[in-house]
Amino acid sequence: MKIVSLADIPEEGVSHDPQLRKKVMIRNGEFPHLRKFAQVRLAPGQVAHAHSHEDEYEVFLVEQGRGAVRCEGSEYQVTAGCCVVFEPAEIHELSNTGDEELILTYFGLAASAPNSAKGS
């Protein structure tokens, strides 16, 4: 069992946008297939710039706020309660289009099973 509290976790920069701050609750290697489980907060107008993950699914839950998601050239509006899934290699960008903080809890999953888990 593992219990963590966001209140006890230090912030760190997001790898593709270091000015964005996240709190990582579960890190790569702690559980099979799970790359990360984290929360990021975007201030009004802040953007997580376009990027992709070649070997990872990324799943976001909008907990608070309003934003825009751009994926492969299309734009979608998201609000609290929306869940967004990006497939491996999809170029995606998230931005806060509202006037309050956009809070996203998210996790990444390996696109293929690690060698040790294959066949089990």
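The values are calculated or read from the model by the stated rules, or taken from the named source; none is laboratory data. All values derive from a computational prediction rather than experimental measurement. Reconstructed Cβ throughout: ideal geometry from the backbone, glycine too, with neighbour counts over all protein chains shown.
Of all the listed residues (Glu87, Glu75, Glu93), the sole one being farther than 21 Å from Val4 by Cβ and surrounded by fewer than 12 Cβ atoms within 10 Å (Cβ to Cβ) is Glu75. For region 2-32, filtering for residues that are under 15 Å from the mean Cα position of the chain (by Cα) and either among the aromatic types (Phe, Trp, Tyr) or farther than 24 Å from Gly98 by Cβ (or both) leaves 7.
Rundown of residues vs (1) exposed (fewer than 13 other Cβ atoms within 10 Å of the Cβ); (2) in contact (Cβ under 8 Å) with a residue 12 or more places away in the chain; (3) charged (D, E, K, R), yes/no style:
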{"site": "His16", "(1), (2), (3)": "yes, yes, no"}
{"site": "Leu20", "(1), (2), (3)": "no, yes, no"}
{"site": "Met25", "(1), (2), (3)": "no, yes, no"}
{"site": "Phe31", "(1), (2), (3)": "yes, no, no"}
{"site": "Ala38", "(1), (2), (3)": "no, yes, no"}
{"site": "Pro44", "(1), (2), (3)": "no, yes, no"}
{"site": "Glu58", "(1), (2), (3)": "no, yes, yes"}
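State whether one or more residues within region 53-60 are within 16 Å of Tyr106 (Cβ to Cβ), at pLDDT below 95 and either out of contact with any Leu (no Cβ under 9 Å at 6 or more places or on another chain) or of a type in the set (Phe, Trp, Tyr) (or both). Yes, some residue in region 53-60 is within 16 Å of Tyr106 (Cβ to Cβ), at pLDDT below 95 and either out of contact with any Leu (no Cβ under 9 Å at 6 or more places or on another chain) or of a type in the set (Phe, Trp, Tyr) (or both). Please enumerate the residues belonging to region 29-42 that are in contact with a Leu (Cβ under 8 Å, 6 or more places away or on another chain) and over 18 Å from Ser5 (Cα atoms). Residues satisfying the conditions are His33, Leu34, Arg35, Leu42.
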